1. Which whole-number percentage describes the relative contact order of the chain, with Cα contacts under 8 Å and a sequence gap of 6 or more?
2. When only DSSP loop residues count, what trypsin sites (Lys or Arg not before Pro) in segment 132-236 have their Cβ near at most 15 other Cβ atoms within 10 Å?
3. Suppose every Lys and Arg Cβ carries +1 and every Asp and Glu Cβ carries -1, with no other charges. What dipole size does segment 173-327 come out with about its Cα centre, to the nearest 20 debye?
4. Quick one: Cα centre-to-centre distance for segment 102-124 and segment 323-398, in angstrom?
5. Extending each Cα 7 Å along its Cβ direction at residue 142 and residue 228, get the distance between those two points in nm, one decimal.
6. In 10 Å bins starting at 0, how do the alpha-carbon pair distances of segment 123-233 split up by percent?
7. Could you give the radius of gyration (one decimal) and Dmax (whole number) of the Cα atoms in segment 201-291, in Å?
8. Roughly what % of Cα-Cα distances in segment 110-164 sit above 19 Å, to the whole percent?
Amino acid sequence: MTRRTVTPDEYELLSASARRVLATNQIDGRSSTLPAPGQYPHQWNWDSAFIAMGLAHIDEARACAELEALLEGQWGNGMVPHIIYNPDEVNDRSYFPQRWRWGTELAEAAAGPPTSHVTSGITQPPVLAIAAAYIAEVGADQALAQSFLRRVYPKLLAFHRYLLTERDPHREGLAFLIHPWESGLDNSPRWQSSLDAIVVNRGKLPEYQRLDTKLVMATQRPTNDDYDRYVYLLEVYKEHRYNHRLLFAHCPFLVQDVLFNALLHRANEALITIATALGEPTQEIEVWRERTADAFARKLWDEAEGRYFDFDLRAGRPIDQNTIATFLPLYAELPTAEQAERLVRGNLTNPAKYWPHPDTPHFVIPTASKDNAYWDPNRYWRGPIWINTNWLVLQGLLRYGYHEEARRIFDDTLSLLTCPLPEGEPWWFWEYFNPLNGNVYGIDRFSWSAALAIALTAQPPPGRRPQSA
Ligand code: DGY
């Protein structure tokens with residue numbers, strides 16, 4: 001597919017098409033939206049946050065309900081799970097791992113999932129507070145937003161408190177992750193060495209059958225080796241009854257993720273905005289933010305390379321993999337202006353890494369640097385472009401005044417979203433895209449692609465604007 005410039009005249013058409021996707025993907029009779037029909041038949045945590053941001057522009061009440069439906073699955077310890085299983089999708093033949101695989105009933109009753117909902121046993125990047133503040137910011141009905149914020153604020157606070165206490169025993173300001181799925185970027189090159197180091201006890205690995213490659217080609221998904229480790233980790237949680245003290249000591253996968261923690265920092269900024277609007281104290285959140293800012297500067301920034309490194313707590317060393325995660329701190333205003341310049345000029349706009357070379361044009365932003373040893377433009381988070389990471393980095397660039405680069409990301413994102421297909425709806429909102437040729441991957445009618453198309457066209461970034469036709 002070649003790049004095309006989507007003109008402002010087309011925004012309304014694009015947005016109307018995206019609305020139809022969000023209408024179709026709403027779970028029947030419920031307030032929640034599934035990420036895509038078939039492949040993802042339940043409610044996912046950070047998907048719902050992005051979906052709510054799109055909905056905020058077209059149906060504020062549904063945006064609020066989306067987040068509140070997710071928060072119904074919150075655990076007693078504050079964790080908001082990465083999946084709330086759809087109670088109507090009971091045959092469990094379309095998604096693996098099925099609900100029973102998690103054994104969450106083994107978690108201590110007071111700290112575990114609510115009895116009313118079946119959930120996974122891990123979390124996902126904390127975008128919820130950002131989405132809640134976004135609804136209040138762009139929505140027209142201030143009374144509705146205010147009462148929504150009042151209801152969800154204690155739950156969001158409990159979620160962040162969980163992340164910065166149970167998941168941060170040394171109070172570094174960095175939450176640890178116990179599964180690659182918690183990072184949202186499941187098979188990111190960043191996790192390869194940590195996964196390779198896991199010795200899978202084959203006697204403990206249950207028999208299982210992957211279902212994710214029924215609808216999507218295996219070459220676009222994580223490998224079977226990855227899945228063995230993903231599944232094995234569930235057995236570790238059950239063995240330790242989801243006790244985070246024990247998991248900190250024994251979980252073979254234990255990392256501090258730059259993307260997750262940058263989003264947490266940004267989400268704490270949103271939480272302060274909400275607390276202030278509600279007249280609630282903010283001191284606890286400010287202390288978290290100081291700690292996180294310090295940890296990013298001291299522990300995660302690599303001065304020699306001029307980018308951020310994740311940290312493998314189990315191996316006790318930084319993870320040197322250049323991926324899109326390094327740009328997420330921009331969104332949380334964590335880098336100094338000088339560090340931001342090194343991220344942008346040394347990495348983002350460097351044609352050897354993320355940006356197109358004038359002679360070999362391609363789309364931005366690949367999710368891994370083109371010179372990464374694990375670079376694969378076809379496989380999930382190893383290179384393909386995702387709409388949510390483009391949106392987040394775009395917002396980060398705007399915070400630092402990189403308008404030209406933000407505009408390029410905006411143009412490319414719309415170009416990918418409007419990839420034409422022969423029949424039916426004009427635009428299909430695919431899940432991810434090959435940066436080199438724009439080939440579409442994963443599942444079509446992907447909810448967050450549609451939702452962010454709405455958000456993007458409602459608030460285009462400044463900079464060079466395409467001419468109306
Ligand atoms: C999947 O099933 O692919 C999800 O990314 C895990 O949450």
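Derivation of every value follows stated rules applied to the coordinates shown; laboratory data play no part. These figures come from a predicted structure and were not determined experimentally. Note that we place each Cβ from the backbone using ideal geometry, even for glycine, and neighbour counts take in every protein chain shown.
1. Dividing the mean separation by the residue count of the chain yields 20 percent.
2. 171, 210, 214
3. 400 debye
4. Each part's Cα centre sits 35 Å from the other's.
5. Taking the two extended label points, one gets 6.0 nm.
6. Percent of pairs per bin, in order: 11, 29, 27, 22, 9, 1.
7. For segment 201-291, the Cα radius of gyration and maximum Cα-Cα distance read 19.4, 55 Å.
8. Result for the distance tail: 41 percent.
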